[in-house]
Amino acid sequence: MGKWIEAACYFLGSPNGSDSKYKSEFDHCIQELVDMIEKAQQPDGYLNIYFIVVDKDGKFQNLRDMHEMCEFCRDAKYRSSNQTTLAIC
């Protein structure tokens with residue numbers, strides 16, 4: 001989901017995307033996905049969809065390959081900024 005949101009945001013930021021007849025549909029889909037991701041965030045701020053949905057017991061078991069520290073740092077930055085919504089785009 002995250003990569004699709006990223007690509008959609010890049011498209012909307014491009015000359016073709018900002019003038020696209022589908023802009024409002026992209027905006028709606030992006031917001032819907034962002035809302036779902038926000039609901040998935042754990043009470044401690046942890047947000048890694050793979051470990052929340054697929055492999056709940058694997059959380060923080062393979063830091064080298066699964067990039068969880070990047071996720072953890074991003075989440076800490078998000079939580080410390082007192083934002084009320086994710087700033088994806």
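Every number in this text was worked out from the coordinates using simple rules, so none of it is lab data. Here the structure is a predicted model, which means the values were calculated and not measured. Glycine also receives a Cβ, built like all others from the backbone with ideal geometry; neighbour counts cover every protein chain displayed.
A few comments on the model shown:
- The simple spin-label model puts a point 7 Å past each Cα toward its Cβ; for Ser18 and Asp55 those points are separated by 4.1 nm.
- Potential extension, Glu6-Phe26 segment - 0.36 nm per residue separation minus Cα distance: 6.0 nm
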